[in-house]
Amino acid sequence: MSSALQFLFWGGYLGVATLLLAGSLLTYLLTRIRASLEFGVGVIVATLYIIVQLGWPTDLGVEAHERLGATLGLAGAAFLGGLLSRLLRVERSERRLQRASYAVVVLGLVLLVVSLFMDARSALWLAAFGVTGCGALGVLVCVLAAWYGDRLARLIALAAVCLTIGSGTLAWIALNHGDVPSSVHGLTAVAASLYLSLLAWAAWLRHRYRVELRMALRNTQVYDPLTRLASSVGIAKTLATALEHSVQSHTPVGVICISVPNLHALMGLHGPDFVNHALFVLASRLKVASAAGDTVGRFGKDGFMLVATRPHNIKRFYKRGPRLVAELRQPVSLGTANSPASSRLRIEWQAEVGVGVMLVQPGAYETGKVMSMGRSLAISALGFPGRVAAFDPTGQTITEFVSSSRR
């Protein structure tokens with residue numbers, strides 16, 4: 001029974017490690033960002049250390065296991081310091097925290113060299129204390145970084161706590177040659193899985209913008225780097241694909257077009273920096289207001305388009321129009337950080353929004369026709385009190401959509 005539990009615990013860890021390794025390698029292949037490759041190397045080193053400490057492969061002798069375990073453990077501790085130095089971001093006045101994270105690297109390397117001149121059993125004890133000590137030092141560095149303003153330092157500190165716990169219990173397992181309760185195996189596997197998962201999460205949050213930027217540079221025609229939405233070309237391709245699939249699945253496609261005509265006036269009065277700020281805020285609000293499965297993109301220079309491939313509830317889909325109007329018309333303070341402090345200007349701005357909502361039946365219209373109809377709906381909506389227009393397929397007319405709350 002205990003063997004089955006241990007297999008279950010460590011099988012779960014290997015599953016987590018495999019997924020994280022595959023994700024890091026895929027990210028590196030797509031973006032060529034070195035940090036993702038470094039994380040993948042860290043996953044491999046940690047997994048090899050665990051495998052050796054558990055007594056695998058079995059054909060190695062006890063002394064070889066202990067020597068290899070000590071070497072991998074101290075090398076992994078040094079590698080942890082390198083990851084900390086790259087993940088932590090603090091003010092220049094607090095660069096000593098970066099030097100403290102480098103101290104983890106130096107400590108791990110020094111202990112690694114010292115262990116080479118010790119017998120295997122003593123080296124394993126040294127590795128046990130060294131890895132645990134490097135983890136504790138990493139926790140201290142992260143706590144100080146959080147104090148100095150690094151938002152991700154708390155998450156990285158939690159990962160370092162999991163490393164400290166896992167390295168301590170893993171040393172217990174190795175020094176007793178696996179003769180420990182199954183609960184110790186379970187605690188170690190959970191701590192190791194959490195350590196890698198939290199570190200991966202922190203790395204993604206730290207480098208997410210770089211990933212998005214690299215993807216944008218590779219897909220400049222279908223991605224808008226300013227709003228981080230699909231470009232006009234990209235949303236047109238998405239709409240064409242959705243219309244094609246609707247014919248095969250016999251389900252309608254929901255399309256919402258949004259027009260913001262006073263962006264042109266904003267450009268004339270205050271310039272492109274204010275327009276870019278306004279577009280970024282509007283795009284952020286649209287992403288928050290969109291439902292799962294929706295694709296949102298730019299629609300011309302002064303609009304947006306939302307494509308819902310499977311609008312499950314038609315009434316609720318039409319009611320999204322008034323909610324989008326209420327969300328997008330909230331006032332926003334616009335400004336630019338590129339100007340000198342003495343000449344910075346901030347203005348209160350409110351978007352003039354027109355929203356057109358339509359449900360496209362399978363095979364009813366081509367992509368270009370749907371886009372022109374959506375543009376007409378959004379512009380016509382500007383003349384209605386509720387700023388929401390809907391297309392009536394029966395009479396082929398544009399009508400104002402009035403939600404039940406206004407009736």
Original post:
Here are some values of Kirkwood radius over Cα pairs in Å: [x] 27.4; [y] 21.8; [z] 25.2. Which one was computed from this structure?
Top reply: [z]
**OP:** Report the accessible area of TRP125, computed with a 1.4 Å probe over the heavy atoms of all protein chains in place, in Å² rounded to the nearest 10.
**Re:** 120
Original post:
How much FRET efficiency would the formula 1/(1 + (r/R0)^6) give for HIS245 and SER284, where r is the Cβ-Cβ distance and R0 is 30 Å, rounded to 0.05?
Top reply: 0.60
**OP:** Report the calculated FRET efficiency for TYR209 and PHE384 (r = Cβ-Cβ distance, R0 = 41 Å), to the nearest 0.05.
**Re:** 0.60
**OP:** Take every Cα pair under 8 Å in the chain that's 6+ residues apart, average their separations, divide by the length, and report that relative contact order as a whole percent.
**Re:** 12
Original post:
What does the helix-only formula give at 222 nm for the chain: each DSSP H stretch with n ≥ 4 adding -39500 (n - 2.57), the total divided by the residues, and the result rounded to the nearest 500 deg cm²/dmol?
Top reply: -22000 deg cm²/dmol
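Using only the heavy atoms of the protein chains and a 1.4 Å probe, how would VAL370, VAL114 rank by accessible area, largest first?
Details: VAL370 0, VAL114 65 Å².
Solvent-accessible surface, decreasing: VAL114, VAL370.
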Original post:
For the stretch 1-77, what's the relative contact order in percent, using C-alpha pairs closer than 8 Å and at least 6 residues apart?
Top reply: 24
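Write down the percent of antiparallel bridges among all DSSP beta bridges whose residues are both part of the chain, to the nearest 5. Can you show the working numbers first?
On the way: 27 of 31 bridges.
Close to 85 percent.
May I ask you to derive the FRET efficiency for VAL233 and ARG310 from their Cβ-Cβ distance with R0 = 25 Å, giving the value to the nearest 0.05? Don't jump to the answer; show the numbers that get you there.
Numbers: r = 23 Å, r/R0 = 0.93.
In this case the efficiency is close to 0.60.
For the chain, what is the accessible area per residue in Å², given a 1.4 Å probe and the full set of protein chains? Before the final figure, lay out the partial values.
Details: 20560 Å² over 407 residues.
Counting only protein heavy atoms, the per-residue value for the chain is 51 Å².
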Subject >> Relative contact order [Cα under 8 Å, 6+ residues apart], the stretch 116-243, whole percent >> reply: 18
Original post:
Using a 1.4 angstrom probe and counting only protein chains, how large is the accessible area of ASP119 in Å², to 10?
Top reply: 90
**OP:** Distance between Cα centroids, the stretch 161-188 to the stretch 1-76: provide it in whole Å.
**Re:** 15
Subject >> Fraction of accessible area attributable to carbon and sulfur, the stretch 264-306 (%, probe 1.4 Å) >> reply: 62
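The values are calculated or read from the model by the stated rules, or taken from the named source; none is laboratory data. In this text, all values refer to a predicted model and were calculated from it rather than measured experimentally. Virtual Cβ from ideal backbone geometry, glycine too; neighbours counted across all protein chains shown. For the accessible areas, the whole protein counts, side chains as well, though only heavy atoms, and no ligand, DNA or RNA atoms are used. Shrake-Rupley method; radii C 1.70, N 1.55, O 1.52, S 1.80 Å.
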